[in-house]
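To start, the structure under review is shown below, and the notes come after it.
The values are calculated or read from the model by the stated rules, or taken from the named source; none is laboratory data. Quick caveat: nothing in here was measured; it's all calculated off a predicted structure. In this analysis, Cβ positions are derived from the backbone assuming ideal geometry, glycine residues included, and neighbour counts consider all displayed protein chains. Note: areas computed on protein heavy atoms with side chains; ligands, DNA, RNA excluded. Shrake-Rupley method; radii C 1.70, N 1.55, O 1.52, S 1.80 Å.
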Amino acid sequence: VAYGVGSGAAGVYLALSWLLEQLMIDDPIDVVAVHLGGGVWGMIACGLFASTSKVAQGYNDSHHIHGGVAYSGHSWVLLKWQVVSLLVLGLWSFVTSSVAFLCLKKMRCLRISSTDELEGMDVTFHG
């Protein structure tokens with residue numbers, strides 16, 4: 001299972017990296033593909049492959065615990081909660097990032113000057 005989850009993560013990374021390149025989104029070190037893609041795949045993989053006994057052990061409770069689809073007799077409860085968690089975390093990240101970037105934009109701290117941008121950050125800020 002671990003080999004399959006790791007291989008799935010590699011596939012998600014490669015697909016997301018390719019998609020960002022096709023959409024011409026500037027991500028030179030593939031931060032989005034690695035962290036967003038890997039994080040989403042990890043949450044989904046947990047909902048698919050988590051063993052019921054390990055989930056129960058993690059919560060110190062053997063009642064009301066559901067494992068992943070593959071190990072719990074095709075119960076979709078854990079996977080559904082993993083997807084809900086992804087949506088909530090995504091919304092929270094979007095809202096807090098938007099507020100932070102809006103504040104930075106209002107303080108004029110988000111971008112460098114046009115001159116510095118043309119000359120390059122290496123020259124103007126790093127010598």
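Restricting attention to region 74-101, which residues are exposed (fewer than 12 other Cβ atoms within 10 Å of the Cβ), modelled with pLDDT of 90 or more and either over 22 Å from the mean Cα position of the chain (by Cα) or within 15 Å of Ile44 (Cα to Cα) (or both)?
Selection gives Val84, Leu87, Val88.
For Val32, are the conditions met, namely being open to solvent by 40 Å² or more (accessible area, probe 1.4 Å), part of a helix (DSSP H, G or I), in contact (Cβ under 8 Å) with a residue 40 or more places away in the chain and in contact with a helix residue (DSSP H, G or I) (Cβ under 8 Å, 6 or more places away or on another chain)? Let's see the steps before the verdict.
Values: open to solvent by 40 Å² or more (accessible area, probe 1.4 Å): yes; part of a helix (DSSP H, G or I): yes; in contact (Cβ under 8 Å) with a residue 40 or more places away in the chain: no; in contact with a helix residue (DSSP H, G or I) (Cβ under 8 Å, 6 or more places away or on another chain): yes.
In short, no.
Do we have any residue at all in region 61-73 that's in a helix (DSSP H, G or I) and either open to solvent by 50 Å² or more (accessible area, probe 1.4 Å) or small (Gly, Ala, Ser) (or both)? Can you show your working first?
Here is the first cut: in region 61-73, the ones in a helix (DSSP H, G or I) are none.
Checked against the condition, which is being in a helix (DSSP H, G or I) and either open to solvent by 50 Å² or more (accessible area, probe 1.4 Å) or small (Gly, Ala, Ser) (or both), region 61-73 yields no hits at all.
Filtering region 74-116 down to residues that are charged (D, E, K, R) and assigned to a loop (DSSP other than H, G, I, E, B), which residue is farthest from Ser53 (Cα to Cα)?
Taking region 74-116 as the starting set, the residues that turn out to be charged (D, E, K, R) are 80, 105-106, 108, 111, 116.
Retained after the next criterion (residues that are assigned to a loop (DSSP other than H, G, I, E, B)): 108, 111.
Values: Arg108: 52, Arg111: 50 Å.
Among those that are charged (D, E, K, R) and assigned to a loop (DSSP other than H, G, I, E, B), it is Arg108.
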